[in-house]
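**Q** Please find one structure pasted underneath; my questions will follow.
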Ligand SMILES: O=P(O)(O)OC[C@@H](O)[C@@H](O)c1c[nH]c2ccccc12
């Protein structure tokens, strides 16, 4: 089993156990369930500069511990203040050290920033969970779902007024899984078998993604040059975790990157 298969197998059993334990759970009664969701796609489309989606990430299978004791409400509020257009908070505990509580604390601290519940979605049940946590966006990873599952989960997400980010690694996944109920396409630069990141993956797929979908480049992003180059190739969103989280003040690291990006894009447009 590769790591993704391991994660998905664990997730399926976790979801099955939650369903049994919370048999009578009525998500719709949760206060956040009926909260109007915010549009990440819209926020990214509106931004004339590269839009950063900042990720709260404590650990990962590839890097081990990145920042175990960070406080989600503090770090994410700093991300928002620094100019992030969206936030991503991991809720997988087993492999990424995230929790529902991390998400809830970040949600409360950022009422107006679109938030992605970052987890491995394999069952409709998790969409209800996401909605009751106050998420705006969910992630569907093509590498761990069938095209039929992507379609069904995406449709259900839209019924719940959640936006859908479809994550792909190659043209084949894109061809098979892109469907009407997808709002944004994320190209993951991380090869899930070797864990190495290769931002050329985003460049290679840029042309293949129809312009009706907001394009997001994910993982391994750290320098302004790469981001600006991808921006020129049509990417509007940049999902960044480790580069920020590994520093002692993640929000300052974001602010720094955001400032250099804004300066470069302002410069460019004033010469056009
Ligand atoms: O920390 P990085 O290299 O900046 O990557 C962030 C994000 O792209 C990465 O955490 C990620 C992308 N897709 C995922 C799916 C599940 C868990 C995590 C991820």
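The values are calculated or read from the model by the stated rules, or taken from the named source; none is laboratory data. What you see is a predicted model, and the numbers here were worked out from it, not measured in a lab. Cβ: placed from backbone, ideal geometry, glycine included. Neighbour counts: every protein chain shown.
**Q** Every residue in the stretch 80-121 that is touching a residue at least 60 places away in the same chain (Cβ under 8 Å), touching a helix residue (DSSP H, G or I) at 6+ places or on another chain (Cβ under 6 Å) and surrounded by fewer than 20 Cβ atoms within 10 Å (Cβ to Cβ), please.
**A** Of everything in the stretch 80-121, those that are touching a residue at least 60 places away in the same chain (Cβ under 8 Å), touching a helix residue (DSSP H, G or I) at 6+ places or on another chain (Cβ under 6 Å) and surrounded by fewer than 20 Cβ atoms within 10 Å (Cβ to Cβ) turn out to be 83, 94, 95.
**Q** In the stretch 182-208, which residue that is closer than 16 Å to residue 141 by Cβ and part of a loop (DSSP other than H, G, I, E, B) is modelled with the lowest pLDDT?
**A** 193
**Q** Just need a number here: residues in the stretch 229-254 that are more than 15 Å from the ligand (Cβ to nearest atom), in a helix (DSSP H, G or I) and out of contact with any helix residue (DSSP H, G or I) (no Cβ under 8 Å at 6 or more places or on another chain).
**A** Qualifying residue count, the stretch 229-254: 1.
**Q** Still on this structure: Go through the stretch 162-177 and give me each residue that's farther than 19 Å from residue 138 by Cβ and part of a loop (DSSP other than H, G, I, E, B).
**A** Within the stretch 162-177, just 170 meets the criteria.
**Q** Can you find a residue in the stretch 37-52 that is within 13 Å of the ligand (Cβ to nearest atom) and either in a helix (DSSP H, G or I) or surrounded by 13 or more Cβ atoms within 10 Å (Cβ to Cβ) (or both)?
**A** yes
**Q** Would you say residue 147 is away from the ligand (no atom under 16 Å from the Cβ) and free of Cβ contacts under 8 Å to residues at least 12 places away in the same chain? Steps first, please.
**A** On the way: away from the ligand (no atom under 16 Å from the Cβ): yes; free of Cβ contacts under 8 Å to residues at least 12 places away in the same chain: no.
It is false that residue 147 is away from the ligand (no atom under 16 Å from the Cβ) and free of Cβ contacts under 8 Å to residues at least 12 places away in the same chain.
**Q** On the given criteria, is residue 167 at pLDDT 95 or above, over 19 Å from residue 41 (Cβ atoms) and buried (at least 19 other Cβ atoms within 10 Å of the Cβ)?
**A** In short, no.
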